[in-house]
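The values are calculated or read from the model by the stated rules, or taken from the named source; none is laboratory data. In this text, all values refer to a predicted model and were calculated from it rather than measured experimentally. Note that each Cβ is placed from the backbone with ideal geometry, even for glycine, and that neighbours are counted across all protein chains shown.
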């Protein structure tokens, strides 16, 4: 079952909205090699989920505060990727200053490059000089359209030269205390408009450095003056987060776009945390789609806390990635009582609308308080696959979101942090394991499928500490093992493989259709399987 909110009730934050529950049909996938979800199981007994921990890069932190404009935080809220045009690693990220008295020193868009993804250079560009620094790595300063947030860079190698780099960036124009009008440079004001609203603007570039604004705001961020506010209930916009993707990135070949954004909705009973800056509502993930990147659908809530989550669980961001058998997604989870952010992994098999969180264990917990990553882990927009690893670049802050101990009401702290990265082995994100452990095996059965003549391939590992056993048998609709394909006929295998062919005495291929697999897992990890 998955909850899909019907009617978001943006106009009245005090009004509860009902959710309709859609019964997700058995997906019956032939290819589950990258990950398994609950819907791939017809029956189960004593199995559970192992969530793999992300591995921190030994060189972390990779980019630390250094210049006057980034001595507060080398923050993310941007994009880090390997450019398919020239092969360089590139980062478009937000930098903040410790000088919080002046708006012009807050959250500028900065740029860095790397040949290996570990050692980064802040190039000296002549776009945005600062006192004592005629050349900086700043791309967008205050005068180009206010503060910058969430720089979503999409690269189109085959596009016209001046449109090969596309960016959706949240900008906050407007002078404080009525000091004059301010607009996003390149966007003509509408008649009578005194300043452009805080929202997302669309840019294009030929080199990823010199950007031209094309349109906006596409999404408005709810504000009072220059301050972002809650409850994030504008139906034409959302909160202070928006991550844009081409549908091609999601494995959808229609030329369109998808937006995942944080929005607010009414708090569930028991979820109130008085010291949170959004105490009367909760943060959830919504999805919008667009055929052209300009006109967007209404938001549909796709990820909400449910009965398996802690009562204070909320969600900040979702970063999807296409893998062999669907999409994996990195979900940043806000633990409101502690004001920390850690990560979970999720899977989708329908192109990114419905997400399965088979395990609620963090894939990357926070570090000890006071260290980089001891408070919050703010991811970038994309997971990057390279040399057998899947990387996420992120800002690890030293501190938490706000005061959890002495605050009498809503509050928020400055964010001080640096950029690091963490990674997973490709196709090793979570696994089915025995729920009891030890010599006690768990088992599950797949749905019967038309697999006659196909071979079963396993993505699995057996224990090297104690002898593990992973077996598979083919069964008919009545649960009876096929002759020659029972558990006793299975050819024993021990080791670690992402493409291990299952073999039985009766052969290597399923003898007929309408066949299910019954797995038995003892001291082993089954990450995925596929019929080929």
Requested in this report: Might you let me know whether segment 327-345 holds any residue that is part of a loop (DSSP other than H, G, I, E, B) and under 27 Å from residue 249 (Cβ atoms)?
Outcome: no
**Report entry** Selection status of residue 355, within 15 Å of the chain's Cα centre (by Cα) and farther than 23 Å from residue 89 by Cα
**Finding:** yes
Query raised in the report: Only one of (1) touching a helix residue (DSSP H, G or I) at 6+ places or on another chain (Cβ under 9 Å); (2) touching a residue at least 24 places away in the same chain (Cβ under 8 Å) is not met by residue 128, so which one is it?
Result: (2)
Query - Close pairs from segment 153-165: first exposed (fewer than 13 other Cβ atoms within 10 Å of the Cβ), partner in a strand (DSSP E or B), Cβ under 8 Å, at least 6 apart - result: 162/204; 162/205; 162/212
Query raised in the report: Hey, among 466, 472, 477, 481, which residue is without any contact (Cβ under 8 Å) to a residue 60 or more places away in the chain and buried (at least 22 other Cβ atoms within 10 Å of the Cβ)?
Result: 472
Report summary line: The one condition residue 369 fails out of (1) under 15 Å from the mean Cα position of the chain (by Cα); (2) without any contact (Cβ under 8 Å) to a residue 60 or more places away in the chain is (1)
Query - Scan of segment 468-508 for residues that are under 24 Å from residue 43 (Cβ atoms) and in a strand (DSSP E or B), ordered by number - result: 469, 470, 471, 472, 473, 474, 475, 481, 490, 500, 504
Report task. Could you tell me which residue of segment 192-201 is modelled with the lowest pLDDT, considering only residues that are surrounded by 21 or more Cβ atoms within 10 Å (Cβ to Cβ) and closer than 21 Å to residue 259 by Cα? Result -> 198
Query raised in the report: Pick from 410, 414: which is surrounded by fewer than 17 Cβ atoms within 10 Å (Cβ to Cβ), touching a strand residue (DSSP E or B) at 6+ places or on another chain (Cβ under 9 Å) and over 21 Å from residue 260 (Cα atoms)?
Result: 414
Report task. Within segment 383-394, work out how many residues are out of contact with any strand residue (DSSP E or B) (no Cβ under 6 Å at 6 or more places or on another chain) and buried (at least 23 other Cβ atoms within 10 Å of the Cβ). Result -> 0
Query raised in the report: Identify, please: which residue in segment 248-270 is farther than 23 Å from residue 323 by Cβ and touching a residue at least 60 places away in the same chain (Cβ under 8 Å) and is, among those, surrounded by the fewest Cβ atoms within 10 Å (Cβ to Cβ)?
Result: 266
Requested in this report: Would you check if residue 420 is at pLDDT 95 or above and farther than 30 Å from residue 529 by Cα?
Outcome: yes
Requested in this report: Give the residue that is surrounded by the most Cβ atoms within 10 Å (Cβ to Cβ), with candidates limited to residues of segment 130-147 that are modelled with pLDDT of 95 or more and not in a loop (DSSP other than H, G, I, E, B).
Outcome: 140
Report task. Would you confirm whether any residue within segment 209-218 is within 25 Å of residue 419 (Cα to Cα), touching a strand residue (DSSP E or B) at 6+ places or on another chain (Cβ under 8 Å) and touching a residue at least 12 places away in the same chain (Cβ under 8 Å)? Result -> yes
Report task. Determine which single condition residue 397 fails, assuming it passes every other condition in (1) loosely packed, with under 14 Cβ neighbours inside 10 Å; (2) modelled with pLDDT of 95 or more; (3) within 30 Å of residue 118 (Cβ to Cβ). Result -> (1)
Query raised in the report: Are there any strands (runs of 3 or more DSSP E) wholly within segment 410-467 with 3 or more residues that are over 31 Å from the mean Cα position of the chain (by Cα), and if so which?
Result: none
Query - strands (runs of 3 or more DSSP E) contained entirely in segment 25-129, each with at least 1 residues that are not assigned by TED's automatic domain parsing to the domain that holds residue 383 - result: 43-45, 47-51
Report summary line: All-but-one check, residue 216 against (1) modelled with pLDDT under 90; (2) within 27 Å of residue 319 (Cβ to Cβ); (3) surrounded by 16 or more Cβ atoms within 10 Å (Cβ to Cβ), failing number (1)
Query raised in the report: How do the pairs read when you match residues in segment 50-61 that are more than 20 Å from residue 120 (Cα to Cα) with residues anywhere that are in a loop (DSSP other than H, G, I, E, B) and at pLDDT 95 or above, using Cβ under 7 Å and keeping only pairs 6 or more apart or on different chains?
Result: 51/359; 51/361; 51/363; 52/363; 52/428; 52/429; 53/363; 54/363
Query raised in the report: Exactly one of (1) buried (at least 17 other Cβ atoms within 10 Å of the Cβ); (2) under 25 Å from residue 329 (Cβ atoms) is unmet by residue 451. Its number?
Result: (2)
